[in-house]
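Novice: Questions regarding the structure given below will be posed in turn.
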Amino acid sequence: MKEEIPYITIQQSLTEATHHELDLHDVCILVDHLNYIINKNKEVNLTRIDDFEKGICLHIEDSLAALQELEGAVAGRMVDLGSGGGFPGIPLAVVSKREATLIDATAKKAQIIEGFLLAQGLDQYIEMIASRIEEVGKQRKDAYSVAVARALTGLPSMMELAAPLLIKGGILIAYKGSDYKDELDAAKRAQEDLGMEYAGKRDYQLSDGVSQRSLIVFKKTGEAKHQLPRRNGQAQKHPLYK
């Protein structure tokens, strides 16, 4: 971390940006996580953002944007679909203290994240699974109250992947850019068949003054009309709705 940016300064800026009073110890963990990912990115492609200051905004701040939606969700475990470098799952779990499962299909990425969780003692409530999301959906049907997904796939495909994992009343929180209209229209066409229901969206701007982002929420209302999960990769390659 650059010495001219003290932890307490980062705490203050993140608190202001997220409208949540963040604990300094938690912020230290999140900063350590970001530094760890930037360093490991030299070995394995974990993120396209390898600048620390940009990472504070585009990784940590953006991840924490969903705290409001997370706090309004029913109690229970959270799952991060396609977690990559651990965003948004690790920041959300560290701040909310909600138990979490991170899923990524790339074993090397999962191993790196597992190393960080073990080193920080976060493995007590955050687990990392190296697997396809569909495989976890078969093994842990109706196991999660919240699913989060960021930079994963189109919204209808996200819903299809999340639906088997969620309990009835559980929610999917999807992170999107500002150009989401077509995806949202397709997702609304798919919702009844997937046993999901549109629950709202929230647009926001990050503190860089440039990045326009959106959170889109769907709630699981019942069972899907399709046998889910489908075979590995089908949700992305052949989405039910476009």
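Novice: Within the range 121-128, is there a residue that is surrounded by fewer than 16 Cβ atoms within 10 Å (Cβ to Cβ), in a loop (DSSP other than H, G, I, E, B) and among the aromatic types (Phe, Trp, Tyr)?
Specialist: Checked the range 121-128: at least one residue is surrounded by fewer than 16 Cβ atoms within 10 Å (Cβ to Cβ), in a loop (DSSP other than H, G, I, E, B) and among the aromatic types (Phe, Trp, Tyr).
Novice: Considering only residues of the range 194-238 that are part of a strand (DSSP E or B) and hydrophobic (A, V, I, L, M, F, W, C), which is farthest from Ile167 (Cα to Cα)?
Specialist: Here is the first cut: in the range 194-238, the residues part of a strand (DSSP E or B) are 196-205, 212-220.
With the extra rule that they be hydrophobic (A, V, I, L, M, F, W, C), the set shrinks to 196, 199, 215-218.
Numbers: Met196: 11, Ala199: 15, Leu215: 20, Ile216: 18, Val217: 15, Phe218: 12 Å.
Out of the qualifying residues, it is Leu215.
Novice: Give the residue, chosen from Leu152, Leu184, Leu172, that is touching a Phe, Trp or Tyr at 6+ places or on another chain (Cβ under 9 Å) and assigned to a loop (DSSP other than H, G, I, E, B).
Specialist: Leu152
Novice: Which one of the conditions (1) touching an Asp or Glu at 6+ places or on another chain (Cβ under 9 Å); (2) over 23 Å from Lys108 (Cβ atoms) does Gly82 fail to meet, given that it meets all the rest?
Specialist: (2)
Novice: Still on this structure, please answer the following. Of the residues Val79, Val94, Val31, which single one is assigned to a helix (DSSP H, G or I), of a type in the set (A, V, I, L, M) and either buried (at least 24 other Cβ atoms within 10 Å of the Cβ) or touching a Phe, Trp or Tyr at 6+ places or on another chain (Cβ under 6 Å) (or both)? If you could, list the steps in order and put the result at the bottom.
Specialist: Details: Val79 fails: assigned to a helix (DSSP H, G or I); Val31 fails: either buried (at least 24 other Cβ atoms within 10 Å of the Cβ) or touching a Phe, Trp or Tyr at 6+ places or on another chain (Cβ under 6 Å) (or both).
Checking each option against the conditions leaves just Val94.
Novice: Is the range 127-150 home to any residue that is farther than 24 Å from Gly233 by Cα and in contact (Cβ under 8 Å) with a residue 60 or more places away in the chain?
Specialist: The answer is no, given that none of the residues of the range 127-150 is farther than 24 Å from Gly233 by Cα and in contact (Cβ under 8 Å) with a residue 60 or more places away in the chain.
Novice: A further question on this structure: Would you point out the residue of the range 177-195, among those that are of a type in the set (D, E, K, R) and either over 16 Å from Leu81 (Cβ atoms) or out of contact with any Leu (no Cβ under 7 Å at 6 or more places or on another chain) (or both), that is modelled with the lowest pLDDT? Walk me through how you get there before you give the answer.
Specialist: Of the residues in the range 177-195, the ones of a type in the set (D, E, K, R) are 179, 181-183, 185, 188-189, 192-193.
In the following step, the residues that additionally are either over 16 Å from Leu81 (Cβ atoms) or out of contact with any Leu (no Cβ under 7 Å at 6 or more places or on another chain) (or both) were identified as 179, 181-182, 185, 188-189, 192-193.
Values: Asp179: 90, Lys181: 94, Asp182: 93, Asp185: 95, Lys188: 96, Arg189: 95, Glu192: 95, Asp193: 95.
Here the answer is Asp179.
Rundown of residues vs (1) among the charged types (D, E, K, R); (2) within 13 Å of the chain's Cα centre (by Cα), yes/no style:
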| position | (1), (2) |
| --- | --- |
| Asp50 | yes, no |
| Ala65 | no, yes |
| Gly76 | no, no |
| Asp80 | yes, yes |
| Phe87 | no, yes |
| Leu102 | no, yes |
| Ala110 | no, no |
| Gly121 | no, no |
| Glu127 | yes, no |
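Novice: Starting from residues that are free of Cβ contacts under 8 Å to residues at least 60 places away in the same chain and within 19 Å of Ile133 (Cα to Cα), keep the ones in the range 192-225 and report whichever is surrounded by the fewest Cβ atoms within 10 Å (Cβ to Cβ).
Specialist: Taking the range 192-225 first, the residues free of Cβ contacts under 8 Å to residues at least 60 places away in the same chain are 192-201, 203, 205, 209-210, 212, 214, 218-223, 225.
Okay, now just the ones that are also within 19 Å of Ile133 (Cα to Cα), so 194-196, 218-220, 223.
Values: Leu194: 26, Gly195: 21, Met196: 26, Phe218: 30, Lys219: 19, Lys220: 27, Glu223: 13.
The residue in question is Glu223.
Novice: From the list Leu102, Leu161, Leu172, Leu155, pick out the single residue that is touching a helix residue (DSSP H, G or I) at 6+ places or on another chain (Cβ under 8 Å), crowded, with 21+ Cβ neighbours inside 10 Å and without any contact (Cβ under 8 Å) to a residue 40 or more places away in the chain.
Specialist: Details: Leu161 fails: without any contact (Cβ under 8 Å) to a residue 40 or more places away in the chain; Leu172 fails: without any contact (Cβ under 8 Å) to a residue 40 or more places away in the chain; Leu155 fails: without any contact (Cβ under 8 Å) to a residue 40 or more places away in the chain.
Matching residue, one of Leu102, Leu161, Leu172, Leu155: Leu102.
Novice: Of the residues that make up the range 39-57, is at least one farther than 20 Å from Ala100 by Cα, in a loop (DSSP other than H, G, I, E, B) and modelled with pLDDT of 95 or more?
Specialist: Of the residues in the range 39-57, the ones farther than 20 Å from Ala100 by Cα are 39-45, 47-57.
Checking the rest, the ones that are also in a loop (DSSP other than H, G, I, E, B) come to 41-45, 47-51.
Remaining after also requiring modelled with pLDDT of 95 or more: none.
No; the residues of the range 39-57 include none that is farther than 20 Å from Ala100 by Cα, in a loop (DSSP other than H, G, I, E, B) and modelled with pLDDT of 95 or more.
The values are calculated or read from the model by the stated rules, or taken from the named source; none is laboratory data. Because the structure is predicted, anything quoted here is derived from the model rather than measured. Note that we place each Cβ from the backbone using ideal geometry, even for glycine, and neighbour counts take in every protein chain shown.
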